[in-house]
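Sharing a structure below in structure tokens format, with a few things to ask.
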Amino acid sequence: MYIFYEDRSIFKTGTILSETEKHIKLECKSGKQIKIKSSNILFTFQTPEPDILLNQAQELSKDLDLQLLWECSPKEIFTASNLANDYFGHYPLPVELASIIILLNNANMHFYKCGKGLYRSVSTEVLKQALVTLEKKQKQIFQQKKWAKDMVNGILPQLLVILLNH
């Protein structure tokens, strides 16, 4: 039996060696044996192999439709498992569930994390504001890169010329 768990905001997998009510002893990919709290476990699975699940889930999470997930997510707190069930149209396979969890954790503008495997979608107003802020930041980064390129090529940005002349 394998587990998918979170350790310091990083998703990992391992092979269960033994378990108690509060802790699980597992073997990592490196062969190292560690003990983790049971509360860190997001789910258990039997197939595929742990490394394969993690790699496939990371790839699948890139192909998921974030906007659709946000639009069809409940307004109250929900589990990643329930959202995965709705999104895929069936009880999610371990890779599918892991991919949803990875996406939800990386989509801070769209979802609040409310605990291990628990989320809540942000309101339309919050999302709109976050998207406006992101667009503004991207424009600033683009402008900074353009100015840096110009200065490397010996061209002083017009804004600096104006500021130096005053």
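What list of ³J(HN,Hα) values in whole Hz, one per residue of segment 149-159 in order, does the Karplus curve 6.51 cos²θ - 1.76 cosθ + 1.60 (θ = phi - 60°) give from phi, with Gly and Pro shown as x?
5, 4, 5, 4, 8, x, 9, 7, x, 3, 4
Just one of [x] 32, 15, 13; [y] 83, 12, 11; [z] 42, 22, 14 is semi-axes √(5λ) of the Cα gyration tensor in Å calculated from these coordinates, so which is it?
Recomputing semi-axes √(5λ) of the Cα gyration tensor in Å here picks out [z].
Per-residue counts of other Cβ atoms within 10 Å, averaged by peptide: what ranking do you get for 91-98, 55-62, highest first?
Taking the mean over residues of other Cβ atoms within 10 Å, the ranking is 91-98, 55-62.
Placing +1 at every Lys and Arg Cβ and -1 at every Asp and Glu Cβ, with all other atoms neutral, what dipole size does segment 68-166 have around its Cα centre, in debye to the nearest 20?
420 debye
Highest mean first, how do 32-39, 79-86, 147-154, 67-74 rank when packing is the count of other Cβ atoms within 10 Å averaged over residues?
The densest-packed peptide leads the list: 79-86, 67-74, 32-39, 147-154.
Let me ask something else. Which order results if Tyr2, Tyr119 are arranged by neighbouring Cβ count within 10 Å, fewest first?
Listed from fewest to most nearby Cβ atoms, that is Tyr2, Tyr119.
Considering the options Ala107, Leu164, Gly31, tell which one lies farthest towards the positive end of the dipole of the chain, charges being +1 on Lys and Arg and -1 on Asp and Glu at the Cβ, about the Cα centre.
Leu164
What dipole magnitude, in Debye to the nearest 20, does segment 2-121 give about its Cα centre under +1 on Lys/Arg Cβ and -1 on Asp/Glu Cβ?
600 debye
List the lysines whose Cα sits under 24 Å from the Cα of Lys113, skipping any in the same chain fewer than 8 residues away.
Lys12, Lys22, Lys37, Lys62, Lys75, Lys128, Lys137
Sticking with this one: Once each part is reduced to its C-alpha centroid, what is the distance from segment 1-64 to segment 110-166 in angstrom?
36 Å
All of the numbers you see were taken from the coordinates with simple rules; none came from a lab. Small disclaimer: the values here were computed from a predicted structure and weren't measured. Because the Cβ atoms are built from the backbone with ideal geometry, glycine has one as well, and the counts that use them run over all protein chains shown.
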